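Encoded as structure tokens, the structure appears first; notes follow it.
The values are calculated or read from the model by the stated rules, or taken from the named source; none is laboratory data. Please read all numbers here as calculations on a predicted model, not as lab measurements. Cβ coordinates were reconstructed from backbone atoms using ideal geometry, including for glycine residues, and neighbour counts include every protein chain displayed.
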């Protein structure tokens, strides 16, 4: 996720989960947000000092519904003009009830009502009894019907009161995913498209402890899955490194054989497949069932046998209308080897990157790729964050195959 250029208003209300807004603000900046503007209700200040929020947002924090800017414009209007979205975290029972009935008696509720046509996201946190109360359910139904209001489902967990149940504030990644989808500049671009993405490096057992693997972090594939989901696609991710907080299905595998089984089970129903995973070409012929013990000065040989070529199998059995995209991580002759791979495996496109550079590719947060199609010149995507590369890649694929 990349929030570059975005201004987010974070409204904090009076609940014990208010402290979690601090990490959320820091994470928004870490992921590129241009500005984060803080709002607190009077009761929120009992849980979280305004000075703390101001230090984290780097801007004045607003607490009074009567506040105005230097030109005399009410702050709730200024926020609605400047911010791309309003995130209420935590959203208490009281706040949800007020918003459901159009009440505007503090800066948070007043600001929410001024966000006409802009996303207002609410992350509820409260005791299970309050969350499940019939009046709360009615209020939630009302809020669900407001087009620009988005409720982020709380999770089940241990609550501050000692009880366990639903009403626990959604985890940070879930909140960020919901916010990202609500404000994505290409929101809806892949609406109605079913997409399968693979990510991460597979590992092949030598014994119960040791494996043969590679340095793939899975960041590129995950960024692609996140971008597709934010663009409206119905995404399934198959990965060796399961992420938290995703709202789309995630299937976890480890070996190439497990990857093959999962991919082949999912592939037929998907219109777009992006095979970003680094799948092991070889596996150990006879992995030991017990941990191999080291003996001084003893050498050991492993017999490696080839794994099935999953990508070639998909290309050979590709149904009409399905778009298959492969990835080529090369250390030399990038375009030559990527072109050969695209042709040999019947791919609609291939994404090539140079793994000999330490600032892009495996384990790095940035990438630089060249996209090759069966015809036309190569498309170079200059070095950028992996979410930005993913966004540019998907825009290119949409223009080529879906426009």
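Would you pick out the residues in the stretch 274-284 that are under 16 Å from residue 218 (Cα atoms) and not in a loop (DSSP other than H, G, I, E, B)?
Applying the first criterion (under 16 Å from residue 218 (Cα atoms)) to the stretch 274-284 yields 274-280.
Hits for the stretch 274-284 are 274, 275, 278.
For the stretch 16-48, how many residues meet the condition of being buried (at least 23 other Cβ atoms within 10 Å of the Cβ), out of contact with any helix residue (DSSP H, G or I) (no Cβ under 7 Å at 6 or more places or on another chain) and over 21 Å from residue 230 (Cβ atoms)?
2
Find the residue count for the stretch 92-132, including only residues that are free of Cβ contacts under 8 Å to residues at least 40 places away in the same chain and in a loop (DSSP other than H, G, I, E, B). Talk me through it step by step, then tell me what you get.
Filtering the stretch 92-132 down to residues free of Cβ contacts under 8 Å to residues at least 40 places away in the same chain leaves 98, 102-104, 109, 113-118, 120, 122, 128-132.
If we keep only those that are in a loop (DSSP other than H, G, I, E, B) as well, we get 102-104, 115-118, 132.
Selection size over the stretch 92-132: 8.
For the stretch 199-210, check the following and say yes or no: at least one residue is within 16 Å of the chain's Cα centre (by Cα) and closer than 22 Å to residue 25 by Cβ.
The initial filter retains those residues of the stretch 199-210 that are within 16 Å of the chain's Cα centre (by Cα), namely 199-200.
Retained after the next criterion (residues that are closer than 22 Å to residue 25 by Cβ): none.
For the stretch 199-210, residues within 16 Å of the chain's Cα centre (by Cα) and closer than 22 Å to residue 25 by Cβ: absent.
Only residues that are touching a helix residue (DSSP H, G or I) at 6+ places or on another chain (Cβ under 6 Å) and either touching a residue at least 40 places away in the same chain (Cβ under 8 Å) or at positive phi (or both): list them for the stretch 65-76, please.
The initial filter retains those residues of the stretch 65-76 that are touching a helix residue (DSSP H, G or I) at 6+ places or on another chain (Cβ under 6 Å), namely 65, 67, 69, 76.
Passing the criteria: 65, 67.
Quick check on the stretch 51-60. Is at least one of its residues part of a loop (DSSP other than H, G, I, E, B) and crowded, with 21+ Cβ neighbours inside 10 Å? Lay out the reasoning, then the answer.
Of all residues in the stretch 51-60, those part of a loop (DSSP other than H, G, I, E, B) come to 58-60.
If we keep only those that are crowded, with 21+ Cβ neighbours inside 10 Å too, we end up with none.
Looking through the stretch 51-60, none of the residues is part of a loop (DSSP other than H, G, I, E, B) and crowded, with 21+ Cβ neighbours inside 10 Å.
Every residue in the stretch 137-182 that is within 17 Å of residue 19 (Cα to Cα), in contact (Cβ under 8 Å) with a residue 60 or more places away in the chain and touching a helix residue (DSSP H, G or I) at 6+ places or on another chain (Cβ under 7 Å), please.
160, 169, 172, 175, 176 - these are the residues of the stretch 137-182 that are within 17 Å of residue 19 (Cα to Cα), in contact (Cβ under 8 Å) with a residue 60 or more places away in the chain and touching a helix residue (DSSP H, G or I) at 6+ places or on another chain (Cβ under 7 Å).
Those residues that are crowded, with 17+ Cβ neighbours inside 10 Å and more than 17 Å from the chain's Cα centre (by Cα), I need them from the stretch 166-193; list them, please.
Listed by number, the residues that qualify are 167, 168, 169, 193.
Test of understanding: among 352, 382, 344, 333, which residue is in contact with a strand residue (DSSP E or B) (Cβ under 7 Å, 6 or more places away or on another chain) and farther than 20 Å from residue 222 by Cβ?
On the way: 352 fails: farther than 20 Å from residue 222 by Cβ; 344 fails: in contact with a strand residue (DSSP E or B) (Cβ under 7 Å, 6 or more places away or on another chain); 333 fails: in contact with a strand residue (DSSP E or B) (Cβ under 7 Å, 6 or more places away or on another chain).
Of the residues listed, the single one that is in contact with a strand residue (DSSP E or B) (Cβ under 7 Å, 6 or more places away or on another chain) and farther than 20 Å from residue 222 by Cβ is 382.
Restricting the search to the stretch 237-266, which residues are part of a strand (DSSP E or B) and surrounded by 23 or more Cβ atoms within 10 Å (Cβ to Cβ)?
First pass over the stretch 237-266, keeping only residues part of a strand (DSSP E or B): 237-239, 250-252.
Across the stretch 237-266, the qualifying residues are 237, 238, 239.
Tell me, yes or no, whether the stretch 325-338 has at least one residue that is modelled with pLDDT of 95 or more and part of a loop (DSSP other than H, G, I, E, B).
No, every residue in the stretch 325-338 fails to be modelled with pLDDT of 95 or more and part of a loop (DSSP other than H, G, I, E, B).
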